[in-house]
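Student: One structure follows; several queries about it will come next.
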Amino acid sequence: MDKPLDIRTALSPEHVRSTGEGPLYMRLRRVLDEMIANGRLDQGHALPTERDIAEMTGLSRVTVRKAVDDLVKSGQLMRRRGSGTFVASQIGRVEQSLSKLTSFTEDMARRGLVTRSVWLNRGVYSPSPDETMALGLTIDDRVARFERLRIAADTPLAIERAAIASEYMPDPETVTSSLYEALGRRQARPYRATQRISARKVDDEDARLLDIAVGDAVLQIERVSYLASGRAIEFTRSIYRGDAYDFVAELRIQES
Ligand code: 16G
């Protein structure tokens, strides 16, 4: 395989003009596309500024902007306000069904992605008022909390803050990877769940963990899951990256 061209050569007027056919912005788009595919522009790396690209290629700023806009639209590049344009994660957007009760580990394994977590917190606590309500606890009960940054294919995708009624998970340290798998081992895997999804802007701390800009759009998801007996077992608040997730629901006509 040919060695990828260095950035200056790839963006030289001669190379851009000789790459494919069609309008100049399409040729530049193709060159940038190739640079992403062959790793010359790596995930998370900043693209040279539009002004620099215009200078290197000899193209107008308008043409450069059009090519970059196209790649932003197709998800290969992303703009971060105030800090430039970056190569987006190549895992693409994750499509997630809203009708199946699955775990993060299972969802990613189905896509052939390897997951890992960074533990932010794990322990037994007195329940907060929200946890008490959601899990139907009393103030004397305890909850096991699991707070993790969830990562797939080396891309941070979500922050999950889960609380489990501690009678079902008395020793949180025994959970090392999948929470649902650990609950399954204790015959306490959730059977059904309700989920509330809302849009918000990410705050400083979560932005840093998710490697996105403060104020970027995220999805906040609250899941309460239940055992087959109807007992609430899990209350999880998650923050999912808005640029990485599509939640998909199947709708059917109501038969009267
Ligand atoms: C999913 C669930 C989360 C659950 C986790 C268990 C959503 C929005 N959330 O991410 O509630 O705790 O899976 O994953 O889907 P694990 O078994 O891989 O730890």
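Student: Which residue, chosen from 46, 10, 32, occupies the Cα position most advanced towards the positive end of the dipole of segment 7-87, where the dipole is computed from +1 (Lys, Arg) and -1 (Asp, Glu) charges on Cβ about the Cα centre?
Tutor: Toward the positive end, the furthest listed residue is 46.
Student: Please compute the length gained on full extension between residue 185 and residue 167, using 0.36 nm multiplied by the number of residues separating them and subtracting their Cα-Cα distance.
Tutor: This chain segment gains 5.1 nm when fully extended.
Student: Once fully extended, how much extra length lies between residue 211 and residue 97, figured as 0.36 nm per residue of separation less the alpha-carbon to alpha-carbon distance?
Tutor: 38.6 nm
Student: Hey, another quick one. List the relative contact order of segment 94-248 as a percent without decimals, with contacts defined as Cα pairs under 8 Å and 6+ residues apart.
Tutor: 24 percent.
Student: Still on this structure: With +1 assigned to the C-beta of every Lys and Arg and -1 to the C-beta of every Asp and Glu, and no other charges, what is the dipole magnitude of segment 117-199 about the Cα centre in debye, to the nearest 20?
Tutor: Rounded to the nearest 20 debye, it is 260 debye.
Student: Return 45, 15 ranked ascending by Cβ neighbour count within 10 Å, so the fewest neighbours appear first.
Tutor: Ranked by crowding around the Cβ, least crowded first: 45, 15.
Student: Note down the magnitude of the dipole of segment 171-256 about its Cα centre, charges +1 on Lys and Arg C-beta and -1 on Asp and Glu C-beta and zero elsewhere, to the nearest 20 debye.
Tutor: With Lys and Arg at +1 and Asp and Glu at -1, about 480 debye.
Student: Multiplying the sequence separation of residue 79 and residue 231 by 0.36 nm and subtracting their Cα-Cα distance, what value in nm do you get?
Tutor: 50.3 nm
Student: Once both labels are modelled 7 Å past Cα along the beta-carbon direction, what's the residue 128-residue 200 spacing in nm?
Tutor: Modelled inter-label distance: 0.9 nm.
Student: Helix by helix through the chain, keep the DSSP H runs that span 15 Å or more along the axis on Cα and average at least 0.0 on Kyte-Doolittle, and give those back in order.
Tutor: For the chain, where a helix must reach 15 Å along its axis and average at least 0.0, the hits are 24-37.
Student: Along the Cα→Cβ direction, 7 angstrom out, place labels at residue 62 and residue 19. What is the inter-label distance in nm?
Tutor: 2.2 nm
Student: How big is the chain by Rg and Dmax over its Cα atoms, in Å?
Tutor: Here Rg and the maximum Cα pair distance are 22.9, 74 Å.
Student: Evaluate the Debye formula for segment 7-87 with equal point scatterers sitting on the alpha carbons, no solvent, and hand back log10 of I(q)/I(0) at q = 0.18 Å⁻¹, in q order, two decimals.
Tutor: Normalising to I(0) and taking log10 leaves -0.65.
Student: Also, quick follow-up: Quick one, can you get me the convex hull of the C-alpha atoms of segment 111-256 expressed as volume per residue in Å³?
Tutor: 152 Å³
Student: Now for a separate question. Where the only charges are on Cβ atoms (+1 Lys, Arg; -1 Asp, Glu), what is the dipole of segment 7-87 about its Cα centre, to the nearest 20 debye?
Tutor: That gives a dipole near 260 debye.
Student: Cα centroid distance between segment 207-256 and segment 8-62, in Å?
Tutor: About 37 Å separates the Cα centre of segment 207-256 from the one of segment 8-62.
Student: Tell me what the chain gives for mean residue ellipticity at 222 nm when only DSSP H runs of n ≥ 4 count, each as -39,500 (n - 2.57), the sum divided by the residue total, rounded to 500 deg cm²/dmol.
Tutor: My calculation for the chain gives -7500 deg cm²/dmol from helical runs alone.
Student: Whole percent per 5 Å bin, from 0 to the bin with the longest distance: what is P(r) over all C-alpha pairs of segment 196-256?
Tutor: Per 5 Å bin, starting at zero, the Cα-Cα P(r) for segment 196-256 comes out as 4, 16, 19, 16, 15, 13, 10, 5, 2, 1 percent.
Student: Count the DSSP beta bridges whose two residues both fall in the chain, then state the antiparallel fraction as a percent rounded to the nearest 5.
Tutor: So the antiparallel bridges amount to about 95 percent of the total.
Rule-based calculations on the coordinates, nothing more; no lab input. Because the structure is a prediction, the values reported are computed rather than measured. Ideal geometry is used to build each Cβ from the backbone, glycine not excepted, and the neighbour counts take in all protein chains shown.
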